[in-house]
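The next block holds one structure in the form of structure tokens; read it before the comments.
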Amino acid sequence: MKLVILGGGGFRVPLVHGALLRDTADRRVTEVVLHDTDGARLDVMRQVLAAQAALHPAAATAPPTVTATTDLDAALAGTDFVFSAMRVGGVEGRTADERIALDLGLLGQETTGPGGVGYGLRTVPVALDVAERVRRLAPDAWVINFTNPAGLVTQAMQTVLGERVVGICDSPLGLAKRAAGALGHDLDDLEIDYAGLNHLGWLTGLRHDGRDLLPDLLADDAALGAIEEGQLFGTDWLRSLGSLPNEYLFYYYFTRDAIAQITGAPQTRGEYLVGQQADFYAGVAAAPEQAWQRWDSVRRDRNATYMQETREGDDGQSHERAEADVEGGGYEGVALALMAAIARDEPARLILNVRNGGAVAGLPDDAVVEVPCRVDAAGPVPVTVSPLPGHALGLVQQVKAVDEIVIRAAVERSRSLAVQAFALHPLVDSVTVAREVLTAYESRLPDFYGSLS
């Protein structure tokens, strides 16, 4: 099978390649094509993947061949799967998503709040172009979307390719695994009740033989306080909610705290990554024999500092991420399990971004939601989940409405709709500020926003 990775020069590509190297089953991926608009980054990533393959234990099956190209049509032609991990605007675009909002007193985060709206506005046109090319060059391919904002981008691409576009994220599965482990269970033995949107969902139940075990965890101070979510949200707040929120809900429940912590840091996450990535790519280009060692060292540092602004305790000190979370990765495992379920008919249960179809009450059928699914050769099918409580459903409905406006604004190149998307987001508190946010984007990134009218 052929797999195309869009954003193939990106730092996370070795995570997917490593999962493929560990997959020795029949009908596996035999050909990987990396596509990126930056040829220099592609060259570096080929060096890293070659070193990674050389370090992998010998197996009965040969590792997949890896080629790279800046020609999108050549990459997509005849592929079986497309893994989309593009970052439109690069890391520099991410710094704009963070700094523009922060400079106006708003949350500056790449997928949540005004930053997510800005990111979506410049990404949707590119994602739709990719979808049109897939329809023309590989009409039977499945697209696995990790490009952020993942739910919004998946929904946009589904307007072209239908349900053959599936969004993935590692956050909800990581949450469910931590909760199951705290209860002394393997996640495979439990039924997951989780619902919402990408980066906006809640774990409302974990059932074993029909009995919900989540109340036991919520009642156990020691067990609840030991997991990432207990430290992030506080045990009292989790018990008040009666559920475990996705980590990104920190930005909604503790908005002022998050803004204070981000602005109090010497640099934003994006600014940190600009320097780190420049050093990494330049270092590998200069010393290719150190490609793998450099990549692995940077990976550990990136994982350890992920969402660091959310881990400051009441004493002003940041708590460290659990070693399992630092090492875990996650999304590459979801991607591989999804591909295996479809291509090899190996049934799997995964939390995915898929068309709602009535799974989440109160949202349109064509809205992309994040819910547990059963997956086989026919693709993913959402399972029944519990209705979201009113406060959660209201937030989800408002953010989904903004997603849909972002897609319209990007397609119609409408400045008026773009302002509306910013202004109606629950983390933007003024129409005046919404206009200022868009004006700042137009000034800072005119290639992406200058054509709005």
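The values are calculated or read from the model by the stated rules, or taken from the named source; none is laboratory data. What you are looking at is a predicted structure, and each value in this text was computed from that prediction instead of being measured. No Cβ is skipped: glycine too gets one built from the backbone with ideal geometry, and neighbour counts run over all protein chains shown. Heavy atoms of the whole protein, side chains included, go into the accessibility calculation; ligands, DNA and RNA do not. Shrake-Rupley method; radii C 1.70, N 1.55, O 1.52, S 1.80 Å.
Before moving on, here are some points about what is shown:
- For the range 124-192: rounded, prolate or oblate by the Cα gyration tensor [a/c cutoff 1.5]: prolate
- For the range 196-298: span of alpha carbons on each principal axis (Å, largest first): 57, 36, 28
- Scaling against 2.2 N^0.38 Å puts the C-alpha radius of gyration of the range 400-453 at 1.04.
- Cα shape, the range 48-135, gyration tensor, a/c 1.5 rule: oblate
- Helix-derived mean residue ellipticity, 222 nm - over the chain, DSSP H n ≥ 4, -39500 (n - 2.57), to 500: -16000 deg cm²/dmol
- Between the amide H of Ala68 and those of Leu34, distances stay under 5 Å, these residues lying 5 or more places away or on another chain, with hydrogens modeled in the peptide plane.
- Database remark: amide H of Leu352 closer than 5 angstrom to the amide H of Val371, Cys373 (H placed geometrically; neighbours at sequence offset of 5 or more, or on other chains; Pro and chain starts carry no H).
- Applying D = kT/(6 pi eta Rh) to the range 160-240, where Rh is the Kirkwood radius over alpha-carbon pairs, T corresponds to 37 °C and eta to 0.692 mPa s, the Stokes-Einstein value obtained is 242 µm²/s.
- Of all DSSP bridge pairs formed entirely within the chain, close to 55 percent run antiparallel.
- Karplus-derived HN-Hα couplings along the range 97-106 (A = 6.51, B = -1.76, C = 1.60, θ = phi - 60°), whole Hz, x at Gly and Pro: 4, 7, 6, 4, 5, 4, 5, 9, x, 9
- Three-way shape label, the range 104-251, alpha-carbon gyration tensor, a/c 1.5: oblate
- Note that the range 394-402 has calculated 3J(HN,Hα) couplings of x, 5, 4, 4, 5, 5, 5, 4, 5 Hz, one per residue in order, obtained from phi through the Karplus relation 6.51 cos²θ - 1.76 cosθ + 1.60 (θ = phi - 60°); glycine and proline are x.
- The 3J(HN,Hα) values that the Karplus relation (6.51, -1.76, 1.60; θ = phi - 60°) gives for the range 440-452 are, in residue order, 5, 4, 4, 6, 7, 10, x, 5, 9, 10, x, 8, 5 Hz. Gly and Pro appear as x.
- Calculated FRET efficiency for the pair Ala278/Ser240, C-beta based, R₀ 35 Å, to 0.05: 0.20
- Projected label distance in nm at Arg413 and Glu442, using a 7 Å step from Cα toward the beta-carbon: 1.4 nm
- In terms of accessible area, using a 1.4 Å probe and ignoring ligands and nucleic acids, Met157, Met86 rank largest first as Met86, Met157.
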